[in-house]
Amino acid sequence: MIMNEFEPKIVAFVCNWCTYAGADLTGTSRIKYAQNVKIIRFPCTGRIDFMLLLKAFGEGADGIIVSGCHPNDCHYTSGNFHARRRWIMFRGLLDLLGIDVRRIQYSWVSAAEGAKWADIVNTTVTAIRELGPYTDYAKVAGYLEKEAKV
Amino acid sequence: MNELIKKATTLLESSAVQVVIGYGKGSASRTRAIFVTQPADCDKLIFDSRCVQNLAVYLTKAEIKKLGKPAIVAPIPVLRSILQLAAENQLKEDGLIVLGISPESELVEFESFAAIETFLASNKIEIEDKYKKKIEQIKAMPVSERFDFWVKELELCFKCYACRAACPLCYCTRCTVENNQPQWIPAASHTLGNLEWHVMRAMHLAGRCTDCEACYNACPMGIPIHLLTKSMLQDVEENFGTYGPSLNKQNTLSSFNPDDKESFIR
């Protein structure tokens, strides 16, 4: 098989109680979706540090999905409300810095929304495929490798 | 500022305070922070347009706390920082005496933190037009060009952390950048780590920054890091209504409203 088409690397930061269970449902419902996504499970979206998103880009991710419980559904009552504020502020900062905010997809996926999860992943993969590899950030992230070689 | 010197002398003589934090003569034509502990030294205190350092930074430092109860010379930016520190429970109302200086360079005394808030109500933070324009200009660039602009600026950073040391609100005794298990932010000053550091700094100041520009003034490379915090102030206003320190509201990122609006979450 010739693999020269660009395959986006997507990292998904999801909460344990809704989106992770939702993604599980996608699997048990036998819904097929793009395999480009690597899911990382967190206790809550409120626990997802903004630095982790930068670390994902630094490690070569082309796109990121951040997903958790719908507003009012948080297992810890208010984690996702705090997370939402943080994302609003973080998105504005990244946009000013020229980090491509189109590469970060935020979503609410409940434990019952297996089909929505498949759709989020598929549309994100399509969108990132169109944007191409994240070469801008790789220029900066490449410093680490260059230094290791010296 | 004879009034200031007189007031400082009385405070020290009556032992109402043990140290006066103020501005004094520095090298060449510059001014520096001085810590006056003897009434006789009070005539070293000066105040003029060169005094831009934010003295509030010293209020939370262990070395200064050791000197005893302070009085602090506080022009508007310092007053804002004091109010924010008070709102974050970092200062006790009877733990310091604030020698406020009005925009007309007059000495103002405050009974309480609430009085500072009332005074500041007529001196709201305003982002200057030249900065608004600069931020707009950056935001108008295509995304790659914008990134290149910042990479070029942040390449200059050599992680001296002067921005952190100068900021009154960066008072954590253990900062994330010193954590090395794991090494959260690379210690070397390559651009990736520099970018991560400045993102983290700005995020930790989101909704707390009082726009004193101490970080920018302290930066030996002149990196416009104050644009990041200024832009975040605009974001706070746009999304959550008000900004600026207040005793009656929680910080933007330590509170929430179930009705917060955004347009990017699916």
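The values are calculated or read from the model by the stated rules, or taken from the named source; none is laboratory data. Since the model is a prediction, treat every value here as computed from it, not as a measurement. Methodologically, a virtual Cβ is constructed for each residue, glycine included, from the backbone with ideal geometry; neighbour enumeration extends over all protein chains shown.
Numerical summary
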read-out	value
Tally, over segment B:234-255, of residues that are surrounded by 13 or more Cβ atoms within 10 Å (Cβ to Cβ), more than 7 Å from chain A (Cβ to nearest Cβ) and within 19 Å of the chain's Cα centre (by Cα)	10
Hey, A:Gly58 touching a Leu at 6+ places or on another chain (Cβ under 7 Å), in contact (Cβ under 8 Å) with a residue 12 or more places away in the chain and small (Gly, Ala, Ser) or not	yes
Given (1) at the interface with chain A (Cβ under 8 Å from one of its Cβ atoms); (2) crowded, with 19+ Cβ neighbours inside 10 Å; (3) not charged (D, E, K, R), number of the condition B:Pro258 does not satisfy	(2)
Search result, residues across segment B:120-136 that are surrounded by fewer than 17 Cβ atoms within 10 Å (Cβ to Cβ) and farther than 14 Å from B:Asp235 by Cβ	B:Ala121, B:Ser122, B:Asn123, B:Lys124, B:Glu126, B:Glu128, B:Asp129, B:Lys130, B:Lys133, B:Lys134
Strands (runs of 3 or more DSSP E) fully within segment B:1-107 counting 3 or more residues that are β-branched (Val, Ile, Thr) and at negative phi	B:19-25, B:31-36, B:97-101
Conditions (1) closer than 30 Å to B:Leu192 by Cα; (2) surrounded by 15 or more Cβ atoms within 10 Å (Cβ to Cβ); (3) within 13 Å of chain B (Cβ to nearest Cβ); (4) small (Gly, Ala, Ser): number failed by A:Ser78	(1)
Residue selected from segment A:120-139 under the condition among the charged types (D, E, K, R) and within 9 Å of chain B (Cβ to nearest Cβ), by the criterion surrounded by the most Cβ atoms within 10 Å (Cβ to Cβ)	A:Asp136
Tally, over segment A:82-104, of residues that are under 21 Å from A:Pro43 (Cβ atoms), surrounded by 21 or more Cβ atoms within 10 Å (Cβ to Cβ) and either more than 7 Å from chain B (Cβ to nearest Cβ) or in contact (Cβ under 8 Å) with a residue 12 or more places away in the chain (or both)	5
Flag if B:Lys133 is in a helix (DSSP H, G or I) and more than 11 Å from chain A (Cβ to nearest Cβ)	yes
Within segment B:165-266, helices (runs of 4 or more DSSP H) holding 1 or more residues that are closer than 18 Å to A:Arg91 by Cβ	B:191-204, B:226-240
Test result for B:Asn54, in contact with a Ser or Thr (Cβ under 8 Å, 6 or more places away or on another chain) and polar (S, T, N, Q)	yes
Any pair with Cβ under 9 angstrom, 6 or more apart, that starts in segment B:44-58 at a residue that is farther than 14 Å from B:Leu169 by Cβ and ends at one that is among the charged types (D, E, K, R)	B:Lys44/B:Lys25; B:Ile46/B:Lys25; B:Arg50/B:Arg30; B:Val52/B:Glu213; B:Gln53/B:Arg32
Whichever residue in segment B:141-169 is away from chain A (no Cβ under 13 Å) and of a type in the set (Lys, Arg) and, among such residues, is surrounded by the fewest Cβ atoms within 10 Å (Cβ to Cβ)	B:Lys159
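Here is a yes/no grid of residues against (1) at pLDDT below 95; (2) surrounded by 13 or more Cβ atoms within 10 Å (Cβ to Cβ); (3) within 23 Å of B:Glu213 (Cα to Cα); (4) of a type in the set (Phe, Trp, Tyr):
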{"position": "B:Leu4", "(1), (2), (3), (4)": "yes, yes, no, no"}
{"position": "B:Val19", "(1), (2), (3), (4)": "no, yes, no, no"}
{"position": "B:Ala28", "(1), (2), (3), (4)": "yes, no, yes, no"}
{"position": "B:Phe35", "(1), (2), (3), (4)": "no, yes, yes, yes"}
{"position": "B:Val52", "(1), (2), (3), (4)": "yes, yes, yes, no"}
{"position": "B:Pro70", "(1), (2), (3), (4)": "no, yes, no, no"}
{"position": "B:Asn89", "(1), (2), (3), (4)": "yes, no, yes, no"}
{"position": "B:Lys92", "(1), (2), (3), (4)": "yes, no, no, no"}
{"position": "B:Ser102", "(1), (2), (3), (4)": "yes, yes, yes, no"}
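A quick yes/no check of all residues on (1) buried (at least 20 other Cβ atoms within 10 Å of the Cβ); (2) touching a helix residue (DSSP H, G or I) at 6+ places or on another chain (Cβ under 9 Å); (3) within 11 Å of another protein chain (Cβ to nearest Cβ):
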{"residue": "B:Cys175", "(1), (2), (3)": "no, yes, no"}
{"residue": "B:Asn180", "(1), (2), (3)": "no, no, no"}
{"residue": "B:Trp184", "(1), (2), (3)": "no, yes, yes"}
{"residue": "B:Ala188", "(1), (2), (3)": "no, yes, yes"}
{"residue": "B:Trp197", "(1), (2), (3)": "yes, yes, yes"}
{"residue": "B:Ala202", "(1), (2), (3)": "yes, yes, yes"}
{"residue": "B:Cys209", "(1), (2), (3)": "yes, yes, no"}
{"residue": "B:Ala214", "(1), (2), (3)": "yes, yes, no"}
